[in-house]
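First up is the structure itself, then whatever we jot down about it.
The values are calculated or read from the model by the stated rules, or taken from the named source; none is laboratory data. Owing to the predicted nature of the structure, the values given are computational and were not obtained by experimental measurement. With ideal geometry, Cβ positions are generated from the backbone for all residues, glycine too; neighbour counts draw on all protein chains shown.
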Amino acid sequence: MIDHIKTVIFDWDGTLHESMHIYEKAFRKAFQYLVDKGYAEQKTFTAKDISLFLGKNPQEMWQTILPNTKDIHIQEASQLISEEMLKSIKHHEAKLYPHAEEVLTYLKEKGYKLVYLSNSKNYYMEAMRQAFKLDRYFDLYLTSEMYQYIPKKMILNQVLSSLEAPMVMIGDRDIDIETGIYNAILTIGCLYGYGLENELKDADYLIEDLLSLKRIL
């Protein structure tokens, strides 16, 4: 059990939100748009391929797969993803991982300060905030858009002094573990998420499911 923690910082996609329910079809539609317009060549993506884009900020994601595509075309595809995902959220297609709300309630009742930290756009965070009534749990929301898409570790670094220590960072990608290490706080890696297992090798703790947090926090 981890003692004395005051602030728990959560990644969102792949940690609390089972994102592929709404992200996969939005990504496929946006990429097909680029192909149909002649801005990209046809390419086959598996669900696993697409899941590995989760956790990256939008600029990083597109740079990974289409480094030579014009920014204006990427912006069009990115806007299409935003519109499709927002539509899915409003249609109640977004799903949290099993026991997510139970665990968040548990942590809140124990007196932890909870922080939402995501490499996402503001609209997405606000849609999730409304869809899942996240104000019941979270004390602070941080997105990459709020900070001009600087690295996640730098976003946390900018607010670190305002948060109550000790802290722990929880996430499913190497970016999340790097964020914790860079800011000299404990890290918990989520093996059930969208990262590859070796991405979490430097985490202080590993969990197979969210319920495990009730045993260690």
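For segment 192-206, which residues satisfy the criterion of being farther than 22 Å from residue 167 by Cβ and crowded, with 22+ Cβ neighbours inside 10 Å? The one that is farther than 22 Å from residue 167 by Cβ and crowded, with 22+ Cβ neighbours inside 10 Å: 194.
Note on segment 53-78: residues that are buried (at least 17 other Cβ atoms within 10 Å of the Cβ) and part of a loop (DSSP other than H, G, I, E, B) amount to 6. Test residue 31 against the stated conditions and say whether it is touching a residue at least 40 places away in the same chain (Cβ under 8 Å), within 21 Å of residue 119 (Cβ to Cβ) and either assigned by TED's automatic domain parsing to the domain that holds residue 161 or touching a strand residue (DSSP E or B) at 6+ places or on another chain (Cβ under 7 Å) (or both). Spelling it out, it is not the case that residue 31 is touching a residue at least 40 places away in the same chain (Cβ under 8 Å), within 21 Å of residue 119 (Cβ to Cβ) and either assigned by TED's automatic domain parsing to the domain that holds residue 161 or touching a strand residue (DSSP E or B) at 6+ places or on another chain (Cβ under 7 Å) (or both). For the subset of segment 133-155 comprising residues that are of a type in the set (Asp, Glu) and touching a helix residue (DSSP H, G or I) at 6+ places or on another chain (Cβ under 7 Å), which member is surrounded by the most Cβ atoms within 10 Å (Cβ to Cβ)? Restricting to residues being of a type in the set (Asp, Glu) and touching a helix residue (DSSP H, G or I) at 6+ places or on another chain (Cβ under 7 Å), the top hit is 145. Of the residues making up segment 1-52, those that are in contact with a helix residue (DSSP H, G or I) (Cβ under 6 Å, 6 or more places away or on another chain), farther than 21 Å from residue 208 by Cα and not in a helix (DSSP H, G or I) number 3. Residues that are surrounded by 15 or more Cβ atoms within 10 Å (Cβ to Cβ), of a type in the set (Phe, Trp, Tyr), more than 21 Å from residue 122 (Cα to Cα) and within 20 Å of the chain's Cα centre (by Cα) do occur in segment 79-97, at least one of them. Answer with yes or no whether residue 20 is among the aliphatic types (A, V, I, L, M), at pLDDT below 90 and buried (at least 17 other Cβ atoms within 10 Å of the Cβ). No: the conditions fail for residue 20.
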